Amino acid sequence: MLILLFILGHFIADYPFQSSEMVAKKKEGPAAVFQHVAIHLLTYVMLTIMSIILGLIEYDVLLVVYIFIICLIHLLTDLTKEKLNDHIEKRTDISKYQISMRLTLLYIVDQIIHIVSIVIFTIVLFDDFESKLSKLFNSIASGQPLDLNFQSKIIITLIILLINSYFSGHLIGKMLTEFRPTNKIIETTVEGKFTSSNTNLKYDGFNEKDIEKQLDQYVTKIEDDVKLNKKISLISDSPPKAGMWIGILERNLILILCVSNNLSSIGFLIAMKALTRFKQFDDKSFSEYYLIGTMLSIILGITAGFVMKFIWL
């Protein structure tokens, strides 16, 4: 139970309780890392107190030592990760794609270290968790239902939801950094009257900030020019957090469909999502980016669904 509570606390403090501003500040210096670890400390303390009150765990003076060690390891790991992130991002001898993949790998390794440290120090400081761990692996290998009480299943469910919502989303974002389209378009149609002797004008340099002023740059004053009416469709990207929430809802809906044995309905979900981006599929770079991201999201969502299903067998 203790190990599950602290893994839950880790994911709560690492994702919902960590803002994007704090993540950005980590690059500026260690102060934000200390702040982040302090949030972990408070989260662990609150979860421990609540668990003792609810009777999920018993009070032990070693809990204080345990929390301190876990937070210290988290601090050292994050400080090291930020230095490695900075070193990788500044490299010029490898491609941007290789940089992106190495940052993704570092992100995964960082989370593995945090989880493994919780597991190891639970074994070292508390009851014989090794026997329970061996039973878990035996159950998975044999395909037999896990021998878990209701409280443990609830905590594991929350952990899976956090991983599926946040960890998977950040993982996909890091993997697709170099695939993300750079062009920007507004989802409105702008009509502009142009006067020019060149009937083959191309309108390549527009952005969404000041359309009218930029259109005026193409107007000339020659009397015998041909007047043209052009419609320029510009598609703007969605609000910053919209994509994140669409991804969270998508993966968790896939999880629900998987648990309820309705995998065939995933096709309808993907079709509905595609309708919102239909106009952008003419852009090959966007369509490839969208396809890779959607497939990764489906794979991670289905994986989480099967794990959830196995837990509740």
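Greater than 30 Å separation of Cα atoms is the criterion. Which listed pairs, K83/K273; K25/K309; K81/K241; K174/K273, meet it? Check vs 30 Å cut-off fails for K83/K273; K25/K309. How big is the gap, in Å, between the Cα center of segment 82-100 and the Cα center of segment 3-29? Here the answer is 23 Å between Cα centres.
Bear in mind these aren't lab numbers, they're just calculated from the coordinates by the rules spelled out. A quick note: this is a predicted structure, and the numbers were derived from the prediction, not measured.
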